[in-house]
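Here's the structure, in structure tokens; my notes come after.
The values are calculated or read from the model by the stated rules, or taken from the named source; none is laboratory data. From a predicted model like this one, the values you see are computed outputs, not experimental measurements. Cβ coordinates were reconstructed from backbone atoms using ideal geometry, including for glycine residues, and neighbour counts include every protein chain displayed. The area values use the complete protein model at the heavy-atom level, side chains included, leaving out ligands, DNA and RNA. Shrake-Rupley method; radii C 1.70, N 1.55, O 1.52, S 1.80 Å.
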Amino acid sequence: MKLFVAGLPYDFDDAELMEFFEKFGKVNSAKVAIDKATGKSRGFAFVEMANDEEAREAIEGLNGLELGRNKTMVVKEADDKGPGGGGGGYRGGFNKGGG
């Protein structure tokens with residue numbers, strides 16, 4: 001199961017992230033999102049866990065965890081956007097008013 005993790009301190013790295021999640025089970029990957037321009041963390045990450053049940057336990061155990069300085073960790077199942085996801089495209093017709 002792939003998890004989305006937000007609310008991370010900006011000095012948090014992949015190894016620390018993996019350490020947090022390994023308490024709940026096997027972690028296939030843990031990757032903090034890095035801003036290409038600055039080389040610094042963007043404050044969110046993705047973690048992939050081998051076992052769905054362990055991933056759910058990680059969500060239950062880590063979501064809402066206080067990380068200091070007004071940082072609260074958000075952990076939830078990642079939305080599967082599929083290849084090239086991210087969206088932003090045109091989705092529909094014109095609104096002609098009428099209200």
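A few comments on the model shown:
- Here is the figure for segment 46-80: residues that are touching a residue at least 60 places away in the same chain (Cβ under 8 Å) and of a type in the set (Gly, Ala, Ser) total 1.
- Output for segment 1-31, where each listed residue is part of a loop (DSSP other than H, G, I, E, B), more than 20 Å from ARG69 (Cβ to Cβ) and open to solvent by less than 70 Å² (accessible area, probe 1.4 Å): MET1, PHE24, GLY25
- Scanning segment 25-58 for residues that are under 18 Å from ALA6 (Cα atoms), in contact with a helix residue (DSSP H, G or I) (Cβ under 9 Å, 6 or more places away or on another chain) and of a type outside the set (Asp, Glu) yields VAL27, SER29, ALA30, LYS31, VAL32, ALA45, VAL47, MET49, ALA55, ALA58.
Yes or no, residue by residue, for (1) open to solvent by 60 Å² or more (accessible area, probe 1.4 Å); (2) modelled with pLDDT of 95 or more; (3) among the small types (Gly, Ala, Ser); (4) not in a loop (DSSP other than H, G, I, E, B):
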site: ALA33; (1), (2), (3), (4): no, yes, yes, yes
site: ALA45; (1), (2), (3), (4): no, yes, yes, yes
site: GLY68; (1), (2), (3), (4): no, no, yes, no
site: ASP80; (1), (2), (3), (4): yes, no, no, no
site: GLY89; (1), (2), (3), (4): no, no, yes, no
site: GLY92; (1), (2), (3), (4): no, no, yes, no
site: ASN95; (1), (2), (3), (4): yes, no, no, no
site: GLY99; (1), (2), (3), (4): yes, no, yes, no
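- Every residue from segment 20-32 that is among the charged types (D, E, K, R) and within 18 Å of VAL74 (Cβ to Cβ): LYS23, LYS31
- Residue satisfying condition, being at pLDDT 95 or above, outside any strand (DSSP E or B) and touching a Gly at 6+ places or on another chain (Cβ under 8 Å), within set GLU60, GLU54: GLU54
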